Amino acid sequence: MNKLPPMHPGEVLREEFMGPHGLKAYTLAERIGVPRTRLERIAKEEIGITADTALRLGAYFHTTPEFWLNLQTRFEIETRLRDRKIARQLHAIEEMAV
């Protein structure tokens, strides 16, 4: 069974926050004090969410910055785990003796 691709935080921002509230990148960027291009690139899933952006999105949408950073971290981990090379390397690591 094929797994769904990891969900980019930009998809969550676009589909769960911007879309339902009718927010365009320009408007949201102006309201949270970031460049419009940053939000456009996040929403297009071209770049990730930084701590700075997470703080601002959290303040605007009444979420925590951790919500946004956890989405980003999960996306990055799941994306890396799909790489067979890293999977082989991780398998080869011996656990620390306790």
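May I ask you to say which residue of Ala59, Ala54 is over 18 Å from Gly10 (Cβ atoms), assigned to a helix (DSSP H, G or I) and modelled with pLDDT of 95 or more?
Step by step, each of Ala59, Ala54 is checked, and only Ala59 is over 18 Å from Gly10 (Cβ atoms), assigned to a helix (DSSP H, G or I) and modelled with pLDDT of 95 or more.
Could you go through segment 65-73 and let me know if any residue there is in contact (Cβ under 8 Å) with a residue 24 or more places away in the chain, exposed (fewer than 15 other Cβ atoms within 10 Å of the Cβ) and within 21 Å of Leu4 (Cβ to Cβ).
no
Do you know which of the residues in segment 26-38 that are touching a residue at least 12 places away in the same chain (Cβ under 8 Å) and in a loop (DSSP other than H, G, I, E, B) is surrounded by the most Cβ atoms within 10 Å (Cβ to Cβ)?
Val34
Among the residues of segment 1-31, how many are in contact with a helix residue (DSSP H, G or I) (Cβ under 7 Å, 6 or more places away or on another chain) and either modelled with pLDDT of 95 or more or hydrophobic (A, V, I, L, M, F, W, C) (or both)?
Of the residues in segment 1-31, 14 are in contact with a helix residue (DSSP H, G or I) (Cβ under 7 Å, 6 or more places away or on another chain) and either modelled with pLDDT of 95 or more or hydrophobic (A, V, I, L, M, F, W, C) (or both).
Of everything in segment 13-25 that's over 15 Å from Glu46 (Cβ atoms) and in contact (Cβ under 8 Å) with a residue 24 or more places away in the chain, which residue is surrounded by the most Cβ atoms within 10 Å (Cβ to Cβ)?
Taking the candidates together, the pick is Met18.
The values are calculated or read from the model by the stated rules, or taken from the named source; none is laboratory data. Computed from a prediction, not measured in an experiment: that's the story for all the values here. Neighbour counts run over all protein chains shown; Cβ positions are idealised from the backbone, glycine included.
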